Amino acid sequence: MEAVKIQVSSCNNVVNEYGEVLKFGAADIDEVLPAFQQKLKQAGIDEIVAEVQKQYDEWKANQTQKQKEG
């Protein structure tokens with residue numbers, strides 16, 4: 001996850017900002033949820049998801065190769 005370390009930190013900040021409000025329903029969800037999602041996008045959530053997918057795909061390919069060799 002080193003490749004997206006800054007994005008992870010930024011997204012954690014967004015979650016800290018909105019987490020309690022969303023968890024306890026302390027605000028209008030129709031207003032808060034879109035703002036939360038937009039801030040996550042701005043913070044780099046898509047880059048994090050892409051990096052996790054890349055790492056999983058590499059791991060899975062490695063596992064498949066090991067099974068073929070074994």
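The values are calculated or read from the model by the stated rules, or taken from the named source; none is laboratory data. The structure presented is a predicted model; accordingly, all values stated were derived computationally and were not measured. In this analysis, Cβ positions are derived from the backbone assuming ideal geometry, glycine residues included, and neighbour counts consider all displayed protein chains. Each accessible area value is taken on the protein alone, full model and side chains, heavy atoms only, with ligands, DNA and RNA left out. Shrake-Rupley method; radii C 1.70, N 1.55, O 1.52, S 1.80 Å.
Spin-label model, Gln37/Glu20: points 7 Å from Cα along the beta carbon direction are separated by 2.5 nm. Candidate cross-link partners of Lys41 among the lysines, defined by an alpha-carbon separation under 26 Å and a same-chain spacing of 8 or more, comprise Lys5, Lys23, Lys54.
Which whole-number percent is the relative contact order of the chain (Cα, under 8 Å, 6+ apart)?
Values: 32 pairs, mean separation 30.6, N = 70.
Dividing the mean separation by the residue count of the chain yields 44 percent.
Cα convex hull, the chain: 103 Å³ per residue, rounded to a whole number.
The chymotrypsin sites (Phe, Trp or Tyr not before Pro) of region 1-66 include none that DSSP puts in a loop with a beta carbon having at most 13 other beta carbons within 10 Å. Accessible surface for the chain, divided over its residues, is 77 Å² per residue with a 1.4 Å probe. Under the convention that each Lys and Arg Cβ holds +1 and each Asp and Glu Cβ holds -1, the size of the dipole of the chain around its Cα centre is about 340 debye. Selection among Ile6, Gly25, Thr64 by position relative to the dipole of the chain gives Thr64 as farthest towards the positive end (Cβ unit charges, Cα centre).
Based solely on its DSSP helices, what 222 nm [θ] is calculated for the chain when runs of n ≥ 4 H residues each add -39,500 (n - 2.57) and the sum is averaged over all residues, nearest 500 deg cm²/dmol? Can you show the working numbers first?
On the way: 3 runs with 60 residues, N = 70.
The per-residue figure over the chain is -29500 deg cm²/dmol.
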